[in-house]
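This report concerns only the one structure given below.
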Amino acid sequence: MENKTLKETVIEYSKDPRNADLNFNMGYKYQELNQGASAFSHYLRAAEEGDDLLAYESLIRAQYSIVSQKDRGYTEKYLLKQCIVILPERPEAYYLMAKHYMKRNDHADAYFHFKMAEKLCDFTLPETQPLRTKIGYKNNIHFYIDFATCAWKWDKNEEARTILRMLMKDEIYNSADEEDKKYIRDSIEEVGILGGDTSYTYYKKDLYPKLKYTFEGCENIETNFSQVYQDMFILFMHKGKKNGTFVEVGCGPAVRGSNTYLLESKYNWKGISIDKDPEFAAEQQHRRKSTTIFDDALTIDYESLIAKHLPDVTEIDYLQLDLEPAKNTFECLLSIPFEKYKFGVITYEHDHYIDFTKSYRSKSRRYLTLMGYELVVADVSSEGSCTFEDWWVHPDLVDRDVIDKIKSLEGVVNIKEHMIK
Amino acid sequence: MNKDSIDAYVPHAITPCEYPNFAGNVVKNGGDLIPLLIDSKETGGTGVTNGSVALINDKLHVNLRHVEYTLYHAEKVKYAHPWGPVVYLHPENDWRLITNNFLGVINDDFTDWEYYSKVNMKLDVTPIWEFVGLEDARVVQWDDKIFLTGVRRDTTKNGIGRMELSEVQLDENGKWEEVSRQRIPIPKETLETINTGPSYCEKNWMPVIDQPYTWVKWCNPVEVVRYDPTTKETKTISLDESKYVNLDFDFRGGSQVIPYKDDYYIALCHVTNLFKSESGRKNCTYRHRFIVFDKQWNIVKYTGELNFLESHVEFSCGMCFHKGNFVIVFGTQDNTSFVLKVPQKYLEDFIGV
């Protein structure tokens, strides 16, 4: 908008008072001065005299002049409805309508407008046919951020997470500004990207005929317990080995979600489970036979710890590294005494999908490669998009035939598709 | 614009306006157009309209009517409000239409105010009707006192409107306050003439600047009334029913009536067209005409209908002559106020005097 004084704007307007553009300018100028009623009149006339795009923008701005006067919510909504009628393919008015409802904690009606926009709108239009002024629609990313928030508040938690996962895709996340990036990060931190059981992918015995990678005793497994088949992977790499050993950093739940419960309970493995969460540690102590360490994984002297609880061992069958955030997991990786111990299998959680530096996956890969490990399954995910883990082996401790059989280094792995025919 | 006047709706289309952009033409011909604002901290951004101006002791005094609503008027009915093309947007939990008056002294360029404040109507009592406050106040000085004279409807349970005369002064802090108030009765003569009992609402009486307590009560036929503050009676001092001008829409009150040259008075009147759409929804136009009276209160000239800025609702409560210009304060759409400085020669040519 041109930087004219109100007086100059008025004089220009007086030359053609029904001109749509001049009325819009008047509305804008009065709005800058918080003169809502004056702004309103001119925006309304701009809408009536202008083309659809100007009418759309004018009525949105007219709505703001009513918002500023307070307690006229019916009219605010009506003006936005008119905008939707004028250009139903544009997302801005739906978004503002949804925000109107969100302000009033009416998340169902807000959700309705987000969803209608998602279904009906061409989200390229704010870029390809931009409006003249800022009207409170920052960008499509922000639309989806608020959509996720709204869905969450209306108990559509998985839909909220799906949206957040979509926002975490590199091409979207990297295009967001710092404010939006922070909002996405905070949202993910608050709600958790994977959610409840629905993000877990369990093996059940009835899948046995379709199991791609079999090992000794697998036909007797009723169910596994890992989030994304890690326990089945470990056993496949070790060909169903019994009496194995593990070090589990960031062990989490004792049973459901555990990478070692199946190994311990059915294959008689033993090891060390570490977590600083007192609930997890207590559950481990109560339900598991292995040693539980309740401590901060970043402060532990692993050489002493392993020497104490797995004496006379230099080759350990499985190492789990699963801390949050990605920085901590990598820091822990650096403290593992690889010069003294070899690990047959490592599941390393790099959390790339929520690593806002996007650096720790590559750092960990470089480091583990230097330590002599081989990447076998890269970019594991539960659903094919949110890559959070790499699976490694030490080629001295795992046979080549199983490595080559399961190897996948091309793109994100949907683990169920990878493990089940 | 007054909401209750909508009761008088008759079916009528919007007629062509002879002079749709008077202000624009004035600006092109050496005049000036200046926006008038009240700080939104005091108004909440709602409408400021129906202003009045008077030259008192060589200083321009301007009163602006702040209405605590925004008028929604979809002039082309393209984006009409669900409640109609003309809707008063007041808070949804408060249906009153409240008026406040802001009075001040302004410089010749209409850019700097002094002694500018909301008028403290300290003689107000608790309103008992939904139209609250002194509406469409004209500024006038009579007997060395400054008055605001307009209609008040908040003193009866059914909203009967009567003209009032509120004397205002600056208080010790330089703020305007009301110091006396008189409710102006309808002249007995009028009651006898119309023979239908007292009217529901008397409004838009135009104060005659050089005749204390005198108003042009109605313009067609011209009825002039005078109030006696001592007896508190009003008398009709001029009315000739035979001098009726046959127009589609009557002249209604507008600005003050100001002396013009030695033998005439000049004023702005407003012209209202109240009509309904085909689907029966109320709509309206408010335009103006200049009108010239002689000293015997004959109408000697009147112009065609004009809009100041092509708005369908415009209203003025004030005009004065100042330093070679006629100065008019007017509002558009009940929401926005302007002052228009019209060079004397331009207006005389326009009126044809």
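General remarks:
- Residue B:345 out of contact with any Leu (no Cβ under 8 Å at 6 or more places or on another chain) and either modelled with pLDDT of 95 or more or surrounded by fewer than 22 Cβ atoms within 10 Å (Cβ to Cβ) (or both): yes
- Odd one out for residue A:70, checked against (1) surrounded by fewer than 24 Cβ atoms within 10 Å (Cβ to Cβ); (2) touching a residue at least 24 places away in the same chain (Cβ under 8 Å): (2)
- Residue in region B:122-139 that is nearest to the chain's Cα centre (by Cα), counting only those that are crowded, with 17+ Cβ neighbours inside 10 Å and free of Cβ contacts under 8 Å to residues at least 60 places away in the same chain: B:134
- Close pairs (7 angstrom Cβ cut-off, 6 or more residues apart or separate chains): part of a strand (DSSP E or B) in region B:311-332, among the acidic types (Asp, Glu) anywhere: B:313/B:334; B:317/B:136; B:330/B:314; B:331/B:314; B:332/B:314
- Residue list for region B:42-65, restricted to those being facing chain A (nearest Cβ under 8 Å) and either among the basic types (Lys, Arg) or assigned to a strand (DSSP E or B) (or both): B:48
- Residues of region A:275-321 satisfying the condition of being basic (Lys, Arg) and in contact (Cβ under 8 Å) with a residue 24 or more places away in the chain: A:287, A:288, A:289
- Cβ-Cβ under 8 Å pairs, at least 6 apart or on other chains, region B:95-112 side within 25 Å of residue B:342 (Cβ to Cβ), far side surrounded by fewer than 20 Cβ atoms within 10 Å (Cβ to Cβ) and among the small types (Gly, Ala, Ser): B:102/B:117; B:103/B:117; B:104/B:117
- Complete set of residues in region B:245-285 that are closer than 22 Å to residue B:17 by Cα and of a type in the set (Phe, Trp, Tyr): B:249, B:251, B:275
- The criterion of at least 1 residues that are within 23 Å of the chain's Cα centre (by Cα) and over 14 Å from residue A:93 (Cα atoms) is met, among helices (runs of 4 or more DSSP H) falling completely within region A:108-167, by A:140-153, A:157-167.
- Contacts under 7 angstrom Cβ, first residue in region A:176-193 being acidic (Asp, Glu), partner modelled with pLDDT of 75 or more, 6 or more apart: A:180/A:141; A:180/A:142; A:180/A:145
- For residue A:78, the requirement of being at the interface with chain B (Cβ under 8 Å from one of its Cβ atoms), out of contact with any helix residue (DSSP H, G or I) (no Cβ under 9 Å at 6 or more places or on another chain), surrounded by fewer than 23 Cβ atoms within 10 Å (Cβ to Cβ) and in a helix (DSSP H, G or I) is not met.
- Checklist (1) within 9 Å of chain B (Cβ to nearest Cβ); (2) at pLDDT 95 or above; (3) closer than 26 Å to residue A:151 by Cβ applied to residue A:117, failing item: (1)
- Residue B:100 within 14 Å of another protein chain (Cβ to nearest Cβ), at pLDDT 95 or above and either in a strand (DSSP E or B) or surrounded by fewer than 15 Cβ atoms within 10 Å (Cβ to Cβ) (or both): yes
For every residue, the table says whether it meets (1) of a type in the set (S, T, N, Q); (2) over 29 Å from residue A:23 (Cα atoms); (3) touching a Leu at 6+ places or on another chain (Cβ under 7 Å).
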| site | (1), (2), (3) |
| --- | --- |
| B:246 | yes, yes, no |
| B:261 | no, yes, no |
| B:264 | no, yes, no |
| B:270 | no, no, no |
| B:275 | no, no, no |
| B:279 | yes, no, no |
| B:285 | yes, no, no |
| B:310 | no, no, no |
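- Options A:211, A:194: the member that is modelled with pLDDT of 95 or more, buried (at least 16 other Cβ atoms within 10 Å of the Cβ) and either within 30 Å of residue A:267 (Cβ to Cβ) or of a type in the set (Val, Ile, Thr) (or both): A:211
- Test: residue in region B:286-306 that is over 15 Å from residue B:220 (Cα atoms), assigned to a strand (DSSP E or B) and of a type in the set (Val, Ile, Thr): no
- Residue ID - nearest to residue A:316 (Cα to Cα), chosen from residues in region A:227-254 that are surrounded by fewer than 23 Cβ atoms within 10 Å (Cβ to Cβ) and under 25 Å from the mean Cα position of the chain (by Cα): A:250
- Condition check for residue A:93: within 14 Å of chain B (Cβ to nearest Cβ), assigned to a helix (DSSP H, G or I), surrounded by 23 or more Cβ atoms within 10 Å (Cβ to Cβ) and within 27 Å of the chain's Cα centre (by Cα): yes
- Of the helices (runs of 4 or more DSSP H) that lie entirely inside region A:315-421, those containing 1 or more residues that are within 19 Å of residue A:297 (Cα to Cα) span A:326-335, A:360-370.
- Exclusive hit being at the interface with chain B (Cβ under 10 Å from one of its Cβ atoms), under 19 Å from residue A:97 (Cα atoms) and more than 41 Å from the chain's Cα centre (by Cα), set A:6, A:44, A:33: A:44
Rundown of residues vs (1) closer than 15 Å to residue B:89 by Cα; (2) facing chain B (nearest Cβ under 10 Å); (3) at pLDDT 95 or above, yes/no style:
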position	(1), (2), (3)
A:10	no, yes, yes
A:39	yes, yes, yes
A:64	yes, no, yes
A:88	no, no, yes
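- Screening residue B:330 on (1) away from every other protein chain (no Cβ under 14 Å); (2) touching a Phe, Trp or Tyr at 6+ places or on another chain (Cβ under 8 Å) shows it passes everything except condition (1).
- Scanning region B:202-220 for residues that are surrounded by 18 or more Cβ atoms within 10 Å (Cβ to Cβ) and not aromatic (Phe, Trp, Tyr) returns B:202, B:203, B:204, B:206, B:207, B:208, B:209, B:214, B:216, B:217, B:219, B:220.
- Within region B:66-92, being among the hydroxyl-bearing types (Ser, Thr, Tyr) and either at the interface with chain A (Cβ under 10 Å from one of its Cβ atoms) or assigned to a loop (DSSP other than H, G, I, E, B) (or both) holds for B:69, B:70, B:72, B:79.
The values are calculated or read from the model by the stated rules, or taken from the named source; none is laboratory data. What you see is a predicted model; the values in this text were computed from it and never measured. Neighbour counts are summed over all protein chains in view; Cβ atoms, including those assigned to glycine, are modelled from backbone coordinates with ideal geometry.
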